[in-house]
Amino acid sequence: MADPRGFMKVDRKESGYRPLAERVEDYSEVEQTLNDTDRQLQASRCMDCGVPFCHWACPLGNKTPEWQDAAFRGNWEEAYNILHSTSNFPEFTGRICPALCEKSCVLAIHNQAVTIRENECSVAEHAFNLGIVKPHIPAARSGKKVAVVGSGPSGLAAADILNQAGHTVTVFEKSNAVGGLLRFGIPDFKLSKKVIDRRIAILTAEGITFKTNAEVGVNPKLDKLKKDFDAIVICIGAGQPRDLKVEGRELKGVHFALEFLQQQNHVNRGDDVKDKDLITATGKHVLVIGGGDTGSDCVGTSNRQKASNIMQIEIMPKPPVDRAPGNPWPYWPMVLKTTSSHKEGCDRRWSLSTKRFIGDEKGNVKKAELVEVEWVKDDATGRMQMKEKEGSAFQIDVELVLLCMGFLSPVHEGLVNDLGVELDQRGNIKVDAHGATSVPGVFAAGDAATGASLVVRAIARGRETAMGVIEYLKA
């Protein structure tokens, strides 16, 4: 390393967020950037630790110490080339990855991990700004054609690898723009869609064909796809949300999180959304059910829509601020996470379950009945079981309920059922080590095969599955 004692000289410094009063008035990215001097000093903190646990924790296997060293020296081209050798889209993961690498950084033992995610984003932005990122057009074509269904992170990664291998790749996207949940699931204030457009322009110049408003199975028909392509890669994500089956679920004003988030992204994009179809938090009492990142995104979006107040509830107990004894470094820390959206205003509650929703005579949700719960170990099974606390039920005013309780599997109706692929016990598309399904020539990658996971894991699975397709086409 250029400065193996950098971590002893320089403290961790995060870029922070734009002022709260400013950022809640728009949908621009909330995260700020450091100047080059500070950023290079942060890269200098990557120590010569011997065993790079950051590399171990990263699903992509990013060579973090190597590109951090190049960034410290200001050699942005070298840093980007090392980073891009294992990561197709560092400008995406540098913004929205939860940074498993940082949680396993040796310096995280003292809560002073290297700012790996921010450094990664900085390297990617320098590479684009300096003209280092250019189309790399394959020298020859194999004559083989591959269809990628879905343009989320796994689909884009698979398409990129397959195209660079010389195959002719067409990506089919059912929405009116490319990006999958990157574009329509993640709010603009976390990931500007200009960042996606910039990368899609590169991939298009490299020879990938993108077809939008193309729902495979409807238009084009599945039989035509099988006839026209030598292999098909299914990257449709895990789009089946977990529902809340309680009294009053059918009331107007109770929605799945993605209905809310996707619509706002369409509005920001300038798409035509009818007033009668608008799901808005403006002036309303909002209840967000689910304490994960999707719930946080709903909080941030509700704040920008000027909700009257927001409560976010989680059925699990409140996590500790610091690691528990049974959750040691370098594993993922099960600790309290407070996002920029939470800091914008939100009443967060834990150990609460939803009993029912109560509506008015017009069928609009007006109240929610919640109850306190506790988790106790069952002596017979050793498992934790939830029990309601007697007499703890209470009601709150609510006019918009957003269900953010995760996703179960890919949607089976339509494409998955029509393909006839075998499913695993959780309802995901069953694949082998190479991403191949039970149907010859059909592969699956990302959340469609693994269940809902992280963007970085989706990209990794897209890359791995693409290599499986390459071997299949060779045979």
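Points worth noting:
- Test: residue in segment 131-140 that is touching a Lys or Arg at 6+ places or on another chain (Cβ under 9 Å), over 22 Å from residue 65 (Cβ atoms) and either in contact (Cβ under 8 Å) with a residue 60 or more places away in the chain or not hydrophobic (A, V, I, L, M, F, W, C) (or both): yes
- Condition met for residue 165 (free of Cβ contacts under 8 Å to residues at least 40 places away in the same chain, open to solvent by 10 Å² or more (accessible area, probe 1.4 Å) and hydrophobic (A, V, I, L, M, F, W, C)): no
- Contacts under 7 angstrom Cβ, first residue in segment 239-252 being farther than 26 Å from residue 445 by Cβ, partner open to solvent by 60 Å² or more (accessible area, probe 1.4 Å), 6 or more apart: 246/355; 246/356; 247/356; 248/356
- Test: residue 142 is closer than 30 Å to residue 212 by Cα and surrounded by fewer than 19 Cβ atoms within 10 Å (Cβ to Cβ): yes
- Looking only at residues in segment 1-53 that are aliphatic (A, V, I, L, M), open to solvent by 50 Å² or more (accessible area, probe 1.4 Å) and modelled with pLDDT of 95 or more, the one that is nearest to residue 94 (Cα to Cα) is 41.
- Residue that is nearest to residue 298 (Cα to Cα), among those in segment 363-389 that are in contact (Cβ under 8 Å) with a residue 12 or more places away in the chain and part of a loop (DSSP other than H, G, I, E, B): 363
- In segment 265-281, the residue that is least open to solvent (accessible area, probe 1.4 Å) out of those that are touching a residue at least 24 places away in the same chain (Cβ under 8 Å) and either part of a loop (DSSP other than H, G, I, E, B) or under 27 Å from residue 369 (Cβ atoms) (or both) is 281.
- Selection of segment 282-340 for residues being in contact (Cβ under 8 Å) with a residue 12 or more places away in the chain, assigned to a loop (DSSP other than H, G, I, E, B) and of a type in the set (Val, Ile, Thr) yields 282, 315, 321, 335, 339.
- Matching residues, segment 139-196, being part of a helix (DSSP H, G or I), within 23 Å of residue 241 (Cβ to Cβ), in contact with a Ser or Thr (Cβ under 9 Å, 6 or more places away or on another chain) and of a type outside the set (Lys, Arg): 153, 154, 182, 184
- Residue 229 vs. criteria among the aromatic types (Phe, Trp, Tyr), under 30 Å from residue 146 (Cβ atoms) and surrounded by 17 or more Cβ atoms within 10 Å (Cβ to Cβ): yes
- Residues that are within 25 Å of the chain's Cα centre (by Cα) and assigned to a helix (DSSP H, G or I), drawn from segment 1-21: 20
- Residues satisfying the stated conditions in segment 430-448, i.e. touching a Gly at 6+ places or on another chain (Cβ under 7 Å), at negative phi and open to solvent by less than 50 Å² (accessible area, probe 1.4 Å): 436, 439, 443, 444, 445, 447, 448
- Matching residues in segment 403-435 - criterion: being in contact with a strand residue (DSSP E or B) (Cβ under 7 Å, 6 or more places away or on another chain), farther than 17 Å from residue 225 by Cα and not in a loop (DSSP other than H, G, I, E, B): 403, 407, 408, 409, 423, 429
- Segment 209-259 holds strands (runs of 3 or more DSSP E) entirely within its bounds, and those carrying 2 or more residues that are closer than 30 Å to residue 298 by Cβ map to 254-256.
- Exactly one residue out of 391, 427 is open to solvent by less than 50 Å² (accessible area, probe 1.4 Å) and either at pLDDT 95 or above or within 30 Å of residue 58 (Cβ to Cβ) (or both), and it is 427.
- Considering (1) touching a residue at least 60 places away in the same chain (Cβ under 8 Å); (2) farther than 21 Å from residue 87 by Cβ, the lone condition that residue 38 does not fulfil carries the number (1).
- Failed item in (1) in contact (Cβ under 8 Å) with a residue 60 or more places away in the chain; (2) open to solvent by less than 10 Å² (accessible area, probe 1.4 Å); (3) out of contact with any Ser or Thr (no Cβ under 7 Å at 6 or more places or on another chain), with residue 262 passing the rest: (2)
The values are calculated or read from the model by the stated rules, or taken from the named source; none is laboratory data. This structure is a prediction, so every number in the text was calculated from the model and none was measured. Cβ coordinates were reconstructed from backbone atoms using ideal geometry, including for glycine residues, and neighbour counts include every protein chain displayed. Calculation scope for accessible area: heavy atoms of the full protein, side chains included, ligands and nucleic acids excluded. Shrake-Rupley method; radii C 1.70, N 1.55, O 1.52, S 1.80 Å.
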